[in-house]
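This report refers to the structure that appears directly beneath it.
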Amino acid sequence: QVQLVESGGGLVQAGDSLRLSCAASGRTSSRLIMGWFRQAPGKEREFVAQIAWSERVTIYADSVKGRFTISRDNAKNTAYLQMNNLKPEDTAVYYCAAGSRWSIEPRPSDFSSWGQGTQVTVSS
């Protein structure tokens, strides 16, 4: 299985930016689908963004379109989530995920490997 480790979270003010990183190891492949989800306490895990092996093929949740950008560097086995103009409602634990199948309506069950999460807190 693919092992994933997220980093880059922190405490920021509304309007600030953060870049999350997801380092992959194990059975890595440039063909893996990489995704980002987030989860706030007491709420279910929410899809954020997804990227195929081709960096030009991406899907974003409506709530983050225009503000977040998902990318990947296959040579480094790393995925990223650039988060701009952060809002308090973006506060959550952000999880990196990897899977082998593409879905136009991504859900957690589409991904077989998960990181431990990194906390993002946005103050008003």
Subject >> Within the stretch 1-81: Cβ-based charge dipole about Cα centre, in debye rounded to nearest 20 (Lys, Arg +1; Asp, Glu -1) >> reply: 180 debye
Original post:
Mind listing which trypsin sites (Lys or Arg not before Pro) in the stretch 11-113 are in a DSSP loop and have 14 or fewer other Cβ atoms within 10 Å?
Top reply: Arg27, Arg31, Lys43, Arg56, Lys65, Arg101
Original post:
When the accessible area of the chain is split by element with a 1.4 Å probe, what percent falls to carbon and sulfur?
Top reply: 44 percent
Original post:
Taking a ≥ b ≥ c as the square roots of the eigenvalues of the Cα gyration tensor of the stretch 24-71, is the shape rounded (a/c under 1.5), prolate (a/b larger than b/c) or oblate?
Top reply: oblate
Original post:
Pick from Ala98, Ala75, Ala24: which is most flexible by mean-square fluctuation in a GNM of the chain where alpha carbon atoms under 10 Å apart are linked?
Top reply: Ala75
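I need the per residue convex hull volume for the chain, using only the alpha carbons, in cubic angstrom as a whole number.
Here the figure is 92 Å³ per residue.
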Original post:
With the chain treated as a Gaussian network of Cα nodes joined by springs under 10 Å, which of Ile33, Ile51, Ile104 yields the largest mean-square fluctuation?
Top reply: Ile104
**OP:** For the stretch 75-82, take each phi angle, set θ = phi - 60°, evaluate the Karplus expression 6.51 cos²θ - 1.76 cosθ + 1.60, and give the result in whole Hz per residue in order, putting x for glycine and proline.
**Re:** 5, 9, 6, 9, 10, 9, 9, 8
Subject >> Partner lysines for Lys87 [C-alpha distance under 18 Å; skip if fewer than 8 residues away on the same chain] >> reply: Lys43, Lys65
**OP:** Report the far tail of the P(r) of the stretch 53-124, meaning the percent of Cα-Cα pairs longer than 21 Å.
**Re:** 28 percent
**OP:** Using Cα pairs closer than 8 Å and at least 6 residues apart in sequence, work out the relative contact order for the chain, in percent.
**Re:** 36 percent
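The values are calculated or read from the model by the stated rules, or taken from the named source; none is laboratory data. The model shown is predicted, which means the values in this text are computed figures rather than measured ones. Neighbour counts run over all protein chains shown; Cβ positions are idealised from the backbone, glycine included. Heavy atoms of the whole protein, side chains included, go into the accessibility calculation; ligands, DNA and RNA do not. Shrake-Rupley method; radii C 1.70, N 1.55, O 1.52, S 1.80 Å.
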